[in-house]
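All of the numbers you see were taken from the coordinates with simple rules; none came from a lab. Only a predicted model underlies this, so the values are computations on that prediction, with no experimental measurement involved. All Cβ positions, even for glycine, are placed from backbone atoms using ideal geometry, and neighbour counts span all protein chains on display.
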């Protein structure tokens with residue numbers, strides 16, 4: 001079974017800083033990691049490979065330094081890694097990203113299953129997986145917590161707000177995976193060393209014979225008008241003492257807020 | 001002089017740190033208190049290719065050096081002292097087979113040790129042979145194509161859980177150190193049994209067991225090195241073992257320092273964090289300086305070993321200094337925590353109990369001083 005896992009390199013910190021001029025994320029001094037739930041997608045792929053054989057190919061679109069994320073995926077045990085890096089892809093929204101990833105999958109050729117993380121911690125849209133399935137015209141299963149493959153069919157258990165749902169789809173299909181699906185493995189040191197030396201295939205849009213108008217800013221109907229971090233909440237106040245003292249002070253504090261009048 | 005790690009070493013250390021932070025450290029207290037062999041952690045060490053770091057790739061190892069092995073060991077010991085101790089004891093079987101084993105022995109025994117498929121242990125200490133290692137009384141007598149072992153070993157780390165043992169015996173008691181012979185003995189060999197598991201001041205999850213040999217027949221081909229060459233096998237093994245113990249000591253000392261510093265910022269007395277007080281600052285400064293010194297001594301010894309240069313004196317210095325630093329640093333950490341430090345609410349009391357091990361195991365501080373003095377008195381006698 002040939003599995004493709006789509007990953008994204010994201011800034012590690014939760015304290016995102018934004019350049020007020022350009023509305024772009026400030027990436028300097030911020031470590032980059034594999035989007036955490038994408039690691040669950042890689043783990044799911046590796047487990048399926050262990051059960052069924054085949055290959056795991058990890059792909060991403062991003063600047064040249066996204067290679068680092070691919071090397072981490074190789075260290076976890078992926079067989080191959082491909083980077084789509086093209087200046088014309090800059091500014092891609094989810095529509096444009098799903099286009100480019102779909103073109104990558106087409107070029108790879110025989111693919112039985114495509115796995116993605118549920119969503120990325122930076123953009124948080126969760127749209128690329130479903131978009132990719134639409135672009136490729138194949139079934140999609142989102143929010144999968146369990147996966148199994150039998151007789152060319154995939155069975156997946158989805159986590160929804162109030163219930164689980166078990167679906168069966170024909171392969172090839174796109175599946176997005178949730179964090180609870182598994183516990184991503186730590187890479188073995190042999191693989192860490194191997195991944196450091198591994199050749200990362202790098203493609204441009206021209207290699208894909210893709211339409212540059214559908215990628216990057218040109219292919220992205222979504223425009224980010226402004227990005228800003230939420231206002232920092234002031235620290236709360238801790239009231240200590242006996243129950244009576246705490247109740248007294250709390251009552252006084254509520255009175256001072258003048259909530260009833262407000 | 002170059003104090004930077006190579007790119008490979010850096011990549012390995014980064015991956016190991018992540019594993020330590022995410023998997024080992026959060027469960028370290030639990031691992032200690034369980035009082036049972038940390039099977040899951042040991043399995044992970046194998047999965048992460050950490051059980052044979054200095055072993056050549058052809059024998060299933062990572063083909064890296066002892067410096068890397070030591071730096072990794074410090075991370076393991078710092079985040080989970082018990083797991084670090086298993087790692088340190090395992091290498092005591094790896095090293096002698098790597099250094100003295102025939103190709104057949106390496107294929108058969110070094111490979112599974114290096115991949116972590118099998119765990120190793122080293123049996124030297126006996127009730128009557130502690131600091132005086134040459135007083136080993138476990139006898140091995142040739143009988144046809146087997147040696148017959150009789151006697152017992154005590155305090156053996158990983159004992160009972162390990163599958164492969166390097167055992168130091170005497171084949172000629174009249175010749176003392178020159179009559180000693182090393183063997184590889186597999187768990188399950190008839191006549192090889194496990195006795196008492198010591199209850200200790202610390203490390204309840206690390207077995208230190210008695211090994212009992214009663215007419216235990218070990219095939220001749222399991223003789224390691226030369227007959228009557230066992231003292232050399234033991235000394236070479238302990239040389240590396242001392243770097244390992246120094247590594248473990250640095251790990252526990254660093255754990256104490258890393259636990260104490262955040263506490264000094266958080267704990268307020270007299271209306272301010274205690275980190276403002278010079279009495280605390282001076283303790284922190286000494287702890288940090290000594291941990292650094294201990295680490296540098298340890299890494300120098302490992303580096304010398306990697307360069308195939310003599311390292312016996314330097315390993316003894318590292319082991320002596322690091323173990324005493326571990327004791328001092330953990331004691332200071334308890335002092336900084338005050339009353340809380342004496343409770344089991346915080347890990348520092350455990351670190352203090354654990355640190356004591358390092359001043360005793362694999363050559364007491366006194367033995368290290370003997371080794372160092374022997375070298376220095378000879379070297380500087382001009």
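Numbers for the structure displayed
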item: Order by protection proxy (mean Cβ within 10 Å, highest first), peptides B:218-226, B:275-283; result: B:218-226, B:275-283
item: Cα-based shape type of segment B:121-231, given that a ≥ b ≥ c are square roots of the gyration tensor eigenvalues and the cut on a/c is 1.5; result: oblate
item: Within a Gaussian network of chain A (alpha carbon springs, distance under 10 Å), most fluctuating of A:59, A:239, A:114; result: A:239
item: Beta bridges per DSSP with both ends in the protein assembly as shown, % antiparallel, nearest 5; result: 60 percent
item: For chain A, fraction of C-alpha pairs farther apart than 24 Å, in %; result: 53 percent
item: Overall dimensions of chain B by Cα: Rg and Dmax, Å; result: 20.9, 79
item: Three semi-axes of the equivalent ellipsoid, segment A:208-253, Cα gyration tensor, whole Å, largest first; result: 58, 11, 7
item: Top of B:126, B:193, B:362 by mean-square fluctuation, Gaussian network on chain B, Cα under 10 Å; result: B:193
item: Volume per residue that the Cα convex hull of segment A:69-183 spans, once the total is divided by residue count, Å³; result: 125 Å³
item: Hydrodynamic radius (Kirkwood) for segment B:7-119, which is based on Cα pairs only, to one decimal in Å; result: 14.1 Å
item: Helix axis angle, B:278-306 relative to chain B longest principal axis, alpha carbon, degrees; result: 30 degrees
item: Top of B:63, B:160, B:244 by mean-square fluctuation, Gaussian network on chain B, Cα under 10 Å; result: B:63
item: Segment A:1-141: C-alpha gyration tensor shape, a/c 1.5 cut-off, then a/b vs b/c; result: prolate
item: Angle between chain B longest axis and helix B:7-19 axis [Cα atoms, degrees, rounded to 10]; result: 70 degrees
item: For A:186, B:146, B:90, B:265, order by how many other beta-carbon atoms lie within 10 Å, fewest first; result: B:265, B:146, A:186, B:90
item: Stokes-Einstein D for segment B:178-222, Kirkwood Rh over Cα pairs, 37 °C, 0.692 mPa s (µm²/s); result: 261 µm²/s
item: Proportion of all alpha-carbon pairs of segment B:251-295 beyond 14 Å (%); result: 48 percent
item: Separation of alpha-carbon centers, segment A:77-149 and segment B:207-239, rounded to whole Å; result: 58 Å
item: Value of relative contact order over segment A:2-214, rounded to a whole percent, pairs C-alpha under 8 Å and six or more apart; result: 26 percent
item: Share, in percent, of DSSP beta bridges within chain B that are antiparallel, nearest 5; result: 85 percent
item: Gyration tensor (alpha-carbon) shape descriptor, segment A:147-262, a/c threshold 1.5; result: prolate
item: Normalised per residue, the volume of the convex hull around the Cα set of the protein assembly as shown (Å³); result: 233 Å³
item: Per-q log10 I(q)/I(0), segment B:190-284, q = 0.11, 0.23 Å⁻¹ (Debye; single scatterer per alpha-carbon; no solvent); result: -0.65, -1.18
item: Label point 7 Å beyond Cα of residue B:309 along Cβ direction - residues of segment B:69-86 with amide nitrogen under 19 Å; result: B:69-71
item: Tilt relative to chain A, helix A:94-108 - C-alpha long axis, 0 to 90 degrees, to 10; result: 30 degrees
item: Antiparallel %, DSSP beta bridges [both residues in segment A:2-214], to 5; result: 40 percent
item: √(5λ) per eigenvalue of the Cα gyration tensor, segment B:238-379, largest first, Å; result: 32, 14, 12
